[in-house]
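These notes concern the structure reproduced below.
Just so it is clear, none of the values below were taken in a lab; they were calculated from the coordinates. The shown structure was predicted, so the numbers you read here are calculated from the model rather than taken from an experiment. Cβ placement follows ideal geometry from the backbone for every residue including glycine, while neighbour counts extend to all protein chains displayed.
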Amino acid sequence: MSQETITAPDPTTGNSAGWRELWLKEDWWAVWIGLAFTVAAYLLFSAGSGSLGWIAVAPTKWSTFPQLLDQLGKNAGRYVAEFALFAVLFGGAAKVLGYRLRAFLPSFLLVYLLSFLVFAAGAWDQASKYSIEPPLLALLIGLFLSNVVGLPKWLDAGFRVEFYVKTGIVLLGAGLPFTLILWAGPTALLQASIVSLATFFTIYLVGRKLGIDQKLAAILGAGGAVCGVSAAIAVSGAVRAKKEQPPIAITLVVLWAIVLIFALPFVAKALHLPTGTAGAWIGTSEFADAAGFAAVQSYGNLVAQAAPDGTISGTPEQAVWAYTLIKVIGRDVWIGIWAFVLSIVSIFWWERDESGRRPEAGQIWWRFPKFVIGFLLASLLVTFAAKGFSLGDFNKVVKPGLVAPLIGLRVWAFTFSFLSIGLTTRFRDLAPAGGRPFWAFTAGVVVNLILGFLLSVVVFGEYWAKLSH
Amino acid sequence: MPALTPSPVLTSASVALPRCGNCVHFANAPAAMEAALPGLATMGSGFGSVRAQDGLCALHGYYLAAWDRCARFDSKQEGAPR
C-alpha cells in the first residue's frame with residue numbers, strides 16, 4: 001500500500017475536513033479535472049484555434065491488422081500526448097491523495113494500454129458479429145487478470161474505479177443540455193424515489209424477518225436502493241456499524257452488480273426496448289455508477305451495431321442520458337439524507353445510550369457526492385456555449401468542435417473505470433456474505449428489477465423513449 | 001502500509017472536542033479503510049465524499065462517523081485530560 005496521507009477531521013469540531021476536502025477527496029479532483037477539460041475545450045472552440053479533438057484520439061473502424069497498425073503509426077504522437085495528459089492529471093491527483101507516483105504511473109500505463117486494446121477490439125469491423133462490447137470486454141479482461149493471472153497488489157494504485165467514473169460523469173455533463181436536466185430531472189427523481197423506497201423496505205423487512213440485525217438490514221437496504229457500495233459505506237458510518245457489516249453489503253452489491261452488467265443489456269435488447277427506456281431501467285436497477293455505465297454503454301453499442309435497421313429506436317446517447325438522470329439526479333444525490341435519517345433512527349431507536357450521540361444534519365452536505373457539482377457546471381457551460389445556435393448549426397459546428405472531443409475523453413475515462421472494476425474484483429478476497437443477507441438483498445434486487453421495469457417501460461416508457469434535446 | 005492510527009493536525013489554538021475523530025482509538029486513512037474493508041475499492045472508494053470522515057474504532061470494533069462519541073474517549077491531543 002502506498003497511500004500515506006490522512007483526512008483528519010477538524011479537531012475543534014470533529015466533523016468534516018473543511019476546505020481541505022477540496023484536495024483530499026477524489027470527488028473534488030474529478031470536478032477539477034473534468035472542468036479543466038471542459039473549459040479548455042470551450043476556450044479552444046470559442047477562439048476558433050482548433051479543437052481538443054486532436055488529443056482525444058481513439059482507434060477508428062478497421063478490418064485488417066495492418067490497417068490498425070497503420071492507424072497507430074499515424075497517430076502515435078497523439079496517443080503519447082493523450083496518455084501524458086491523463087497521466088499528469090490523474091497522477092497529480094493521486095500524488096496529492098497520497099499515492100506514490102512510482103506505483104501509480106506504471107499501473108496507469110497498464111490501464112491505458114489495456115483500454116487501447118479494448119477500444120481497438122470494439123472498432124474491429126467484425127466486432128458485432130462476435131458480440132464484442134468494449135465495456136463488457138474491459139470488465140472480462142480485468143476479471144481474468146485479477147482472478148486467473150494475478151497481479152501484484154501495488155498495481156492497485158492506478159485501478160481507481162470511482163475516480164475515473166466520477167471524472168467521466170463530469171465530462172458527461174458537457175454533453176447533456178442543462179435544459180434537459182431541468183425538464184427530465186423531476187420525472188427521474190419521482191421514478192427513482194419510488195423504486196429506492198420500495199427496494200430499501202423490501203430488503204430491510206425481509207432481512208429483519210430472516211433475523212438480520214437492524215443496522216445490517218439498513219446497510220443492505222441502502223446498498224440496494226441508493227448507490228451500491230457508496231451508500232452502504234455511508235450508512236455504515238452514520239448508524240455506527242460493526243466493522244464486519246459493511247464488507248457483507250459490499251460483497252453482495254459487487255456480485256449482483258456484475259451479474260446485472262452482463263444481463264441487463266441483453267435482456268433489454270431481447271425486449272427491443274428503446275435506448276432511452278432501457279437507460280432508465282438500468283438507472284433504477286443497477287447499484288454502482290460504474291457498473292450501470294458499463295451496462296448502459298454496452299446497450300447503446302448493441303443497438304447501434306446490431307440493430308442499425310431501426311428495429312430498436314433511439315441513440316446510444318439517449319440511453320446514457322436517461323441512465324444518468326435516474327442514477328445521478330434521482331438516486332446518488334440523496335445519499336446524505338438517507339444517512340442522516342438512518343442515523344436518527346439508529347440513535348433514538350436502535351441504540352439508545354448515555355454517550356450523548358446526536359444526529360448531525362451537516363452530513364447531508366459532507367456526504368454529498370461533490371462530482372455532481374462538476375457535472376452540472378459542465379452542462380451549464382456547454383449549454384451556454386451552444387446558446388444561439390440552431391439545431392442544424394449545433395450539429396455542424398458545436399458538436400464536432402466542442403462536444404465530441406469531450407465525449408471521446410469521457411469514453412476513455414469510463415473504459416479506465418470498467419477495466420478497474422475487473423482489476424479490483426478479486427472474488428477470493430471478498431468477505432463471505434452468508435445466506436440470510438444474500439436472500440434479503442436478492443429479494444430487493446427482484447423487486448427493484450420488476451418495479452423499475454414497470455415504471456421505465458409501462459408508466460414512463462414513452463417519456464424516456466423520446467428523451468432528446 | 002500506513003499506520004491505522006493517523007495523527008490529527010492540531011494547532012496550538014485548537015481544542016479537540018471529545019469526538020471519535022479526535023480519539024486515539026479512531027483511524028480513517030482512506031487507503032487503510034480500503035485495506036480493512038474488502039471490496040470497498042471495487043465499486044466504491046475510500047477517498048469519496050460519501051464516506052465523509054468515517055473511520056474504524058479499534059476499541060469497540062465499529063465503523064462510525066468522526067462526530068460520533070462514547071464514554072471511553074481518549075484524546076489524541078498531547079497533554080489533554082484523559
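Quick look at the values:
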| quantity | calculated |
| --- | --- |
| Potential lengthening between A:Trp54 and A:Phe144 on full extension [0.36 nm per residue; Cα-Cα distance subtracted] | 29.1 nm |
| Computed E for A:Val397/A:Arg78 - FRET, C-beta separation, R0 25 angstrom, nearest 0.05 | 0.65 |
| A:Trp439 paired with A:Val459, simple spin-label distance in nm, labels 7 Å along Cα-to-beta-carbon | 2.9 |
| Charge context of A:Ala386, other residues only, Cβ under 10 angstrom, K/R +1, D/E -1 | +1 |
| Order of A:Val303, A:Val88, A:Val267, A:Val253 under a 10 Å beta carbon neighbour criterion, fewest first | A:Val88, A:Val267, A:Val303, A:Val253 |
| Restraint check, A:Lys129/A:Lys153; A:Lys209/A:Lys269; A:Lys95/A:Lys166; A:Lys269/A:Lys466; A:Lys129/A:Lys396, Cα-Cα greater than 28 Å | A:Lys129/A:Lys153; A:Lys209/A:Lys269; A:Lys129/A:Lys396 |
| Residues A:Trp28, A:Trp281, A:Trp321 arranged by fewest to most Cβ contacts within 10 Å | A:Trp28, A:Trp321, A:Trp281 |
| Net charge of Cβ neighbours under 15 Å - reference A:Leu110; Lys, Arg +1; Asp, Glu -1 | +2 |
| Chain A: proportion of alpha-carbon pairs further apart than 38 angstrom, % | 21 |
| q = 0.20, 0.21, 0.29 Å⁻¹, region B:23-82: log10 I(q)/I(0) [Debye, one scatterer per Cα] | -0.76, -0.82, -1.25 |
| Cβ neighbours within 10 Å from other chains - mean over A:356-367 | 4 |
| Label-point gap, in nm, between B:Asp74 and A:Trp349 - each point 7 angstrom along Cα→Cβ | 3.5 |
| Total formal charge among the other residues, if their Cβ is under 9 angstrom from that of A:Asn147, Lys/Arg +1 and Asp/Glu -1 | +2 |
| Inter-part distance where region A:92-164 and region A:361-379 are each reduced to a Cα centre, Å | 27 |
| Pair A:Phe201, A:Val259: separation of 7 Å Cα→Cβ label points (nm) | 2.5 |
| Under the span-like rule (Cα at least 20 Å along the axis, Kyte-Doolittle mean at least 1.6), DSSP H helices of chain A | A:101-123, A:245-270, A:371-385 |
| Principal axis dimensions, region A:319-445 - Cα atoms, whole angstrom, descending | 65, 38, 24 |
| Where only C-alpha atoms are counted, convex hull volume of region A:133-281 per residue in Å³ | 168 |
| Relative exposure of A:Arg240, B:Arg72, judged by other C-beta atoms within 10 Å (fewest first) | B:Arg72, A:Arg240 |
| Structure-based [θ]222 nm, chain A - -39500 (n - 2.57) summed over DSSP H runs of at least 4, per residue, nearest 500 | -20500 deg cm²/dmol |
